[in-house]
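Data first, discussion second: the structure below is written as structure tokens.
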Amino acid sequence: MKKGTFIIGVLFLILFLSGQEIQEQAIAINIEVPVRVFTKGKFVEELNLDDFEIYEDGVLQKIEALYLVKKTVIEREETELDKKTARRIFLPEVSRTFVLVFEMMDYFPQIDETLEYFFENVFLPDDSLLVVTPKKTYSLKKEFLDKASKEMIVKQLKANLMRDIRLAGRELKSMTRELEWYSIQMKNARDVDIGTAAMAASTTLRKIRDYRYFDEKKLMGFKEQLKDIEGQKYVFLFYQKNIIPVPPEISVPSDVERPPIPFSVERVKKAFSDSLITINFIFVTKTDQYNLDGERMNPAEQHPDQDPSTWGLQLIDQSEEIFGAFHEMADATGGITDSSANMAASFERAAIASENYYLLYYTPKDYKSDGKFKAIKVRIKGKNYSVTHRAGYIAEDFHSGQVVETGSIEKNFNSIISGLEKYREGDLEGAIEAYSEVIRTAPQNALAYYNRGIVYEGLGDISHAFEDYTKAVEINPDYAEAYNNRGCLLVDDREYEQAIKDFTNAIRVKPDYASAYFNRGGAWRGLREYRKAIQDFKRAVELDPAKMGRALEEIKFCEARIKDI
């Protein structure tokens, strides 16, 4: 495509301006819902689109597409639209990021078994991995994962986990030893010192309580870290049962005996569900906290078979409330909860349950970007299956009149809007940069190519504009506006026959597209097919009476040429 040449004449100038319509409405809302269906503990994989029902805030929705995914492979898809087009509309992203969170105070052999099973049976070459310990977060870069053997990776992770977990365990043990010392002080000290020791013991108990707390800031920061990662995000949270052995001399404050949850469970549940993060909660009931290397106040070394409750210690279980909170989070994000002394077996069950799922898409009825949480409920018609899925999404308060897909391309919406604003402000270079950023992160975003093409036209860069319109229709063969604008550039270069093909494609997609009829009339006129041109100009006026004045001038011109001939 050579750079367009300008054709002098009012009629042609008016004709080509009709192609300059930058699109504000980016992409219709498409809600993505990963769904897992089980019967007797086994995944049900023979379901079809018609078997599902989705309700949003109690209102039945129309499901527009279904994809059956096994690990990272789309095994089957159903949609009411053309498959080629639907894939581009819904953009199912099945890449995986795993996050293994070890909130543990004791290093058990089952941790080794868990890592070995994960790399042998779960992790694939294109997967991403984060490992979170009580002390650090390890992000395993793809370059490292590609070069290192599985044996090397597992060995390194084991060493890091062992070091960090044991360090956290020693810090916790140090605080429990403080309780023993205060207990001795309270046994032997005068009355004036007992109160001081009791206050110090209460302070230490609260330090122990807070040592393993997940506050809201920490959880929301973790959510933000994962939110913009493409694809499916799986968190496996290993949380070890938290028992505090307290000498009988020490009075346990009520906020330690039944510690409050340090975050809003409802707010955190909604945030993680909205971010498409699946949490699998694995509660590890095994604990070695009673026998701290034979150096504690309890008689575990002398009486290894004795029930710890008979040692005269108060055993304060601080896990009950946090267990309920994380169980609710797992349920709200479509994950599972498993409780066992064998964390490796629990992880295997959770991993198997996660690897197969359905991806459902629907467009909400009467969508309002009001910032409210929209509850989702998925049912299987006529079956009493177990169904897990995200609890809902937050209808973000975007710019007035703008809607956006809330699935895998949500993060590009702000760049789309930024490009539009810059275009309106006359900052064409800034608009090019904004749309190019979208294309770098989402190379299949047809809208970004289309809008960037218009901006290139504004800069007079016709060649790049033509390339972007072409890319837009390659991605979305039903992109009527892109056909129309490319056709205008072809007319500008007097390539009328090719232009007519583009305008005809635009009309095929949008039979009521008045501008495409008007522009095709101009192309017919360029080929001296005046009668066909008149037909298209008249059709354009029928669809859009506002084009009457321009169309009449064109029709008069064509009729005059017919008489001359």
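Once label points are set 7 Å from the Cα along Cα→Cβ at both residue 217 and residue 135, what is their separation, rounded to one decimal in nm? Each label point lies 7 Å from its Cα, and together they span 2.3 nm.
Under a 5 Å amide H cut-off, with hydrogens placed 1.01 Å from N, residue 138 pairs with 131, 132, 133 among residues at least 5 apart or on other chains. In terms of surrounding Cβ atoms within a 10 Å radius of their Cβ, 524, 181 rank from fewest to most as 181, 524.
Each of 287, 114 has some number of other Cβ atoms within 10 Å of its Cβ, and from fewest to most they run 287, 114. Highest mean packing comes first when the peptides 315-322, 430-437 are listed by Cβ atoms within 10 Å, giving 430-437, 315-322. For the stretch 96-356, the residue among 138, 202, 99 whose Cα projects farthest onto the positive side of the dipole built from Cβ charges is 138. Remark: 468, 210, 164 ranked as 210, 164, 468, counting other beta-carbon atoms within 10 Å and listing the fewest first.
Per-residue Karplus couplings for the stretch 164-174, computed as 6.51 cos²θ - 1.76 cosθ + 1.60 with θ equal to phi - 60°, are listed in order as 5, 5, 5, 5, 5, x, 5, 5, 5, 5, 4 Hz, Gly and Pro entered as x.
How much FRET efficiency would the formula 1/(1 + (r/R0)^6) give for residue 546 and residue 433, where r is the Cβ-Cβ distance and R0 is 41 Å, rounded to 0.05? E(calc), rounded to 0.05, equals 0.75. With 19 Å as the limit, the listed pairs 42/241; 42/150; 207/241; 42/377; 62/270 have 42/241; 42/150; 42/377; 62/270 beyond it between alpha carbons.
Working from label points 7 Å from Cα in the Cα-to-Cβ sense, the residue 563 to residue 95 distance is 6.5 nm. Protection proxy ranking for 333-342, 544-553, using the average of other Cβ atoms within 10 Å per residue and placing the highest first: 333-342, 544-553.
Its Cα centre serving as origin, the stretch 96-356 has a Cβ charge dipole (Lys and Arg +1, Asp and Glu -1) of approximately 700 debye.
Pairs from the table (173/218; 135/286; 365/547) lying more than 26 angstrom apart at Cα are 365/547. With the simple model of a label 7 Å out from the Cα in the direction of the Cβ, residue 71 to residue 553 spans 6.5 nm. Once the Cα-Cα distance is subtracted from the 0.36 nm per residue extended length, the residue 285 to residue 126 segment shows a gain of 53.9 nm.
Since every read-out is calculated from the coordinates, none of them should be taken as a lab result. Fair warning: this is a prediction, and the values are worked out from it, not measured in the lab. Neighbour counts run over all protein chains shown; Cβ positions are idealised from the backbone, glycine included.
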